[in-house]
Amino acid sequence: FIKAICQALSELVTYHILTCKTSQGQAREIGKINRWFDKIEAARTRIKSGTLSVGGTVFLVNKNACYCCDARIESIILNEESRETVELDSETEIGLKFDVAAKKGLSLYVMDE
């Protein structure tokens, strides 16, 4: 029970920090998970633009539930090819595998450096 409360508080604090950073222009939404594949634990996502790299971090967010967790990218698939890095300047569908489970409908955010 205590572990569940601590996890919920952690997600809530992370969500509020991300919300503040987004309003200050230090973070931004880059896309959304269109489909989640349970068996291979990977997502089909539509990314607006930006640079993503294997080993990089994104935040998985559900605004309605104040859910927010960080996820490390384990693999990237673009046009059925594995990539270490992708630089996207227009809306593109890519496959992403994270180190955590996700689900359809979660938004993806990144922190700008």
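The values are calculated or read from the model by the stated rules, or taken from the named source; none is laboratory data. Being a predicted model, the structure only gives us computed values, none of them experimental. Please note: Cβ atoms are built from the backbone with ideal geometry, for glycine as well, and neighbour counts cover all protein chains shown. Only protein heavy atoms, including side chains, enter the accessible area calculation; ligands, DNA and RNA are left aside. Shrake-Rupley method; radii C 1.70, N 1.55, O 1.52, S 1.80 Å.
Please tell me if ARG83 is among the charged types (D, E, K, R), surrounded by fewer than 17 Cβ atoms within 10 Å (Cβ to Cβ), under 10 Å from the mean Cα position of the chain (by Cα) and closer than 15 Å to GLY56 by Cα. Spell out how you get there, then give the answer.
On the way: among the charged types (D, E, K, R): yes; surrounded by fewer than 17 Cβ atoms within 10 Å (Cβ to Cβ): yes; under 10 Å from the mean Cα position of the chain (by Cα): no; closer than 15 Å to GLY56 by Cα: yes.
Here the answer is no, as ARG83 does not meet what is asked.
From the list THR57, THR92, THR51, the one residue that fits, being in contact with a strand residue (DSSP E or B) (Cβ under 9 Å, 6 or more places away or on another chain), hydroxyl-bearing (Ser, Thr, Tyr), farther than 23 Å from ILE17 by Cα and open to solvent by 20 Å² or more (accessible area, probe 1.4 Å), is THR92. Taking the condition within 28 Å of ILE5 (Cα to Cα), of a type in the set (Val, Ile, Thr) and in contact with an Asp or Glu (Cβ under 6 Å, 6 or more places away or on another chain), does THR57 pass? For THR57, the condition - within 28 Å of ILE5 (Cα to Cα), of a type in the set (Val, Ile, Thr) and in contact with an Asp or Glu (Cβ under 6 Å, 6 or more places away or on another chain) - is met. A search for C-beta distances below 6 Å between a residue of the stretch 56-76 that is farther than 18 Å from ALA42 by Cβ and of a type outside the set (Ser, Thr, Tyr) and any residue that is open to solvent by less than 50 Å² (accessible area, probe 1.4 Å) and modelled with pLDDT of 90 or more, counting only pairs 6+ apart in sequence or on different chains, returns VAL61/SER107; VAL61/TYR109; ASN62/LEU106; CYS68/PHE59; CYS68/VAL61. The one condition from (1) within 10 Å of the chain's Cα centre (by Cα); (2) open to solvent by 20 Å² or more (accessible area, probe 1.4 Å); (3) of a type in the set (Gly, Ala, Ser) that ALA4 does not meet is (1).
One residue is enough: does the stretch 27-36 have a residue meeting the conditions out of contact with any strand residue (DSSP E or B) (no Cβ under 8 Å at 6 or more places or on another chain), touching a residue at least 60 places away in the same chain (Cβ under 8 Å) and either assigned to a strand (DSSP E or B) or of a type outside the set (Ser, Thr, Tyr) (or both)? So far as the stretch 27-36 goes, no, none of its residues is out of contact with any strand residue (DSSP E or B) (no Cβ under 8 Å at 6 or more places or on another chain), touching a residue at least 60 places away in the same chain (Cβ under 8 Å) and either assigned to a strand (DSSP E or B) or of a type outside the set (Ser, Thr, Tyr) (or both).
In the stretch 86-113, the residues that are under 13 Å from ILE76 (Cβ atoms) form Cβ pairs under 7 Å with partners that are surrounded by fewer than 18 Cβ atoms within 10 Å (Cβ to Cβ) and basic (Lys, Arg), at six or more places apart or across chains, as follows: GLU93/ARG44; GLU93/ARG46; GLY95/ARG44; PHE98/ARG72; LEU108/LYS32. Restrict the check to the stretch 15-24 and report whether at least one residue is of a type in the set (Val, Ile, Thr) and either loosely packed, with under 12 Cβ neighbours inside 10 Å or modelled with pLDDT of 90 or more (or both). No: the stretch 15-24 contains no residue that is of a type in the set (Val, Ile, Thr) and either loosely packed, with under 12 Cβ neighbours inside 10 Å or modelled with pLDDT of 90 or more (or both).
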